[in-house]
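Read the structure below first, then the notes.
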Amino acid sequence: SSKLIDGKSIAKKVREEISSEIMKIKDSTGIVPGLAVILVGSRKDSQTYVRNKKNACEDVGIASYEVNLSEDCTEEEVINHISVFNDNSAVHGILVQLPLPRHMNEEKILNAVSIEKDVDGFHPLNIGRLAMQGRDPLFVPCTPKGCMELLRRYDIEIKGKRAVVIGRSNIVGMPTALLLQRENATVSIVHSYTKNPEEITRQADIVISAAGVANLVRGSWLKSGAVVIDVGINPVDDANNPRGYRLVGDVCFEEACNVASAITPVPGGVGPMTIAMLLSNTLSSVKRIHSLN
Ligand code: NAD
């Protein structure tokens, strides 16, 4: 059976590394890293994500600044808050929690974040640079970066390998495919219109699934010895769970364990890495802005 890729323990290690680096920066320069989070509306899931991010910041010594705006506020109000944070030298990272209310133009708002403080990596210019040969984004989106960090820390070779990414969203699938390509994998993208996805996926040495569909990837979709990174977080009914549901990935974990050489669990795989990478992006922002290193 497969080796478990333990995102929870890698994320803990990453956070400890970040924490000690921040401590050193504080001691030698007095600079305190700061992250600003803008939340629009009152979605329960978004509130939970924001709370988790704030707690993670506190743990490693990053000051967090939070703005909560009502669902019916204007685009202009959101952009005004972003501008104030852009000009605030105590703030090194700015993130706007997605999704935004439907009446807002997401691109316009993400465009307002200074690319120097775009720790989510969603600014069109950072995405554009990610897609271009010979150019480097200032920041890479956190979930894709977390997937790559897991591959790196488990010494999984990417160069020359066949990789399949399932899903092509702006926040996960698309940037993940670009990152794998930058590391010289041969990348295919499988999406909801792909015919014979299992046949394409079976060719992959590395499979990264971010479709948001429980049990999409069966054992029969995998080549023997493939490495599987499961980004999906999907609720499925579970009468034995006090909440009435439990969370599973996109991959049939038990089946995949008989075929894959290594696999991430859900929960405890990519999930914890996402927040760790947000902290990492905030730290690298501080270092760039203050020319530390
Ligand atoms: P999304 O809905 O924006 O995109 C899903 C993508 O999957 C689309 O490109 C679609 O074409 C593709 N897809 C959908 N059904 C498919 C199918 N049957 N076969 C092949 N492709 C299919 O979702 P997202 O925001 O990219 O998130 C994807 C999943 O990852 C969700 O379960 C989400 O909860 C999870 N997620 C996890 C983290 C984390 O930190 N671990 C972060 C973000 C998202």
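Each reported figure results from applying straightforward, stated rules to the coordinates on display, with no laboratory input. Given the structure is predicted, the values throughout are model-derived calculations rather than measurements. All Cβ positions, even for glycine, are placed from backbone atoms using ideal geometry, and neighbour counts span all protein chains on display.
Give me the extension gain from Asn241 to Cys73: residue separation times 0.36 nm, minus the current Cα-Cα distance, reported in nm with one decimal.
Length gained between Asn241 and Cys73: 56.7 nm.
Identify which of Arg153, Arg129, Arg102 has the largest mean-square fluctuation in a Gaussian network model of the chain, with springs joining Cα atoms closer than 10 Å.
Highest fluctuation of the listed residues: Arg102.
What aspartates and glutamates could a cross-link reach from Lys145, if we take a straight Cα to Cα line under 13 Å and drop same-chain neighbours fewer than 8 places away?
Result set, ordered by chain and number: Asp120, Glu183.
How far is it, in nm, from the label point at His103 to the one at Asp87 when both lie 7 Å from their Cα along the line to the Cβ?
Result: 2.7 nm between the two label points.
Give the percent of DSSP beta bridges with both residues in the chain that are antiparallel, rounded to the nearest 5.
Antiparallel bridges: around 10 percent, rounded to the nearest 5.
What is the sum of charges, Lys and Arg at +1 and Asp and Glu at -1, for the other residues whose Cβ falls under 9 Å from the Cβ of Asp205?
Residues near Asp205 contribute +2 overall.
Could you give the length gained by full extension between Glu58 and Asp155, i.e. 0.36 nm per residue of separation minus their alpha carbon distance, to one decimal place?
31.9 nm
Can you list the DSSP H helices in the chain whose Cα atoms extend at least 15 Å along the helix axis and whose mean Kyte-Doolittle hydropathy is 0.0 or higher?
Helices meeting the span and hydropathy rule in the chain are 270-289.
Is the shape of segment 29-115 rounded, prolate or oblate, going by the alpha carbon gyration tensor and its root eigenvalues a ≥ b ≥ c, with a/c under 1.5 for rounded and a/b larger than b/c for prolate?
Oblate, since a/c reaches 1.5 and b/c is not below a/b.
Can you show me the helix-derived [θ] at 222 nm for the chain, built from DSSP H runs with n ≥ 4 at -39,500 (n - 2.57) apiece and divided by the number of residues, rounded to the nearest 500.
-12500 deg cm²/dmol
Write down the percent of antiparallel bridges among all DSSP beta bridges whose residues are both part of segment 135-293, to the nearest 5.
In segment 135-293, approximately 20 percent of DSSP beta bridges are antiparallel ones.
Reachable lysines from Lys195, Cα under 21 Å, same-chain residues fewer than 8 places away excluded?
Candidates past the 8-residue exclusion: Lys223.
Counting other C-beta atoms within 10 Å, which of His191, His81 has the fewest, and how do the rest follow?
His191, His81
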